[in-house]
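What follows is a short report on a single structure.
The values are calculated or read from the model by the stated rules, or taken from the named source; none is laboratory data. In this text the structure is predicted, and so the values were computed from the model without any measurement. Here the Cβ positions follow ideal geometry from the backbone for every residue, glycine too, while neighbour counts run over all protein chains shown.
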Amino acid sequence: PAQLSNRLTWSKLQRLQLQYPSRMKYAQYVFLATLLSGIEHCLAQSCTVDSFSVKDNFDPKRYAGKWYALAKKDPEGLFLQDNISAEYTIEEDGTMIASSKGRVKLFGFWVICADMAAQYTVPDPTTPAKMYMSYQGLASYLSSGGDNYWVIDTDYDNYAITYACRSLKEDGTCDDGYSLIFSRNPRGLPPAIQRIVRQKQEEICMSGQFQPVLQTGAC
């Protein structure tokens with residue numbers, strides 16, 4: 001009986017193929033078209049830093065306030081480890097400054113809360129989201145320097161994505177860069193905003209490179 005049932009099932013499949021060949025071919029066509037579209041999108045996506053879009057009409061006053069880092073992609077070398085937060089304020093002349101905190105590991109074993117200060121300038125007033133950040137560690141053992149500071153996207157009330165590339169390759173892609181995902185709430189972001197963040201991570205060619213940032217209030 002089992003063999004008879006198998007023969008009947010196979011016979012039904014053969015009849016379906018004969019009766020609906022166009023439907024099966026159409027399904028195969030749709031699958032191949034979808035696959036090729038995905039490949040084309042990957043090939044078309046440019047990872048040159050100059051092609052990355054930033055927040056239109058960025059408003060520093062709305063951006064000001066407290067932000068908590070939820071995820072990060074580290075650059076090479078020393079970088080804040082966890083409990084990262086930043087408080088942005090706007091001075092009377094319109095300059096944005098920030099005080100930030102986070103735990104950092106020094107000498108491979110010494111974990112401390114580090115305090116940093118930063119000041120931001122806008123090289124091109126037509127693109128206010130592309131800033132330059134000058135930072136100073138508020139202790140002799142912390143580094144000072146400068147990086148680009150691009151606000152890739154933000155809704156001001158919930159999330160912000162920042163990006164910096166420290167060095168470029170010959171083809172214009174980033175050789176050493178970092179990015180931070182900020183939230184107004186240290187507990188996380190709602191699913192709808194998480195989807196936006198994932199899309200932006202892909203657009204700056206850093207998808208899958210982020211690690212979560214622990215927020216315990218240690219700093």
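Table for the structure above
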read-out	value
Residue list for the stretch 164-182, filter: surrounded by fewer than 22 Cβ atoms within 10 Å (Cβ to Cβ), touching a residue at least 24 places away in the same chain (Cβ under 8 Å) and of a type in the set (Gly, Ala, Ser)	ALA164, GLY172
Test: SER143 is among the polar types (S, T, N, Q), in contact (Cβ under 8 Å) with a residue 40 or more places away in the chain and either surrounded by fewer than 18 Cβ atoms within 10 Å (Cβ to Cβ) or farther than 21 Å from PRO186 by Cα (or both)	yes
Scope the stretch 146-175; condition of a type in the set (Ser, Thr, Tyr) and closer than 30 Å to LEU189 by Cα; matching residues	TYR149, THR154, TYR156, TYR159, THR162, TYR163, THR173
In the stretch 90-107, the residues that are surrounded by fewer than 19 Cβ atoms within 10 Å (Cβ to Cβ), within 23 Å of ALA218 (Cβ to Cβ) and not hydrophobic (A, V, I, L, M, F, W, C)	SER99, LYS101, ARG103, LYS105
Members of the stretch 117-132 that are in a strand (DSSP E or B) and hydrophobic (A, V, I, L, M, F, W, C)	ALA117, ALA118, MET131
Any hit, the stretch 172-186, residues being farther than 18 Å from SER53 by Cβ, of a type in the set (A, V, I, L, M) and in contact with a strand residue (DSSP E or B) (Cβ under 9 Å, 6 or more places away or on another chain)	no
Number of the exception - ASN158 against (1) at pLDDT below 95; (2) closer than 19 Å to LYS200 by Cβ	(1)
Strands (runs of 3 or more DSSP E) (entirely within the stretch 1-116) containing at least 1 residues that are modelled with pLDDT under 95 and not charged (D, E, K, R)	96-106
From TYR156, TYR135, residue being in a loop (DSSP other than H, G, I, E, B) and closer than 17 Å to ALA69 by Cβ	TYR156
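One line per residue, one yes/no per condition, for (1) in contact with a strand residue (DSSP E or B) (Cβ under 8 Å, 6 or more places away or on another chain); (2) of a type in the set (Asp, Glu); (3) free of Cβ contacts under 8 Å to residues at least 24 places away in the same chain:
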residue	(1), (2), (3)
LYS66	yes, no, no
VAL104	yes, no, no
PHE109	no, no, yes
ALA117	yes, no, yes
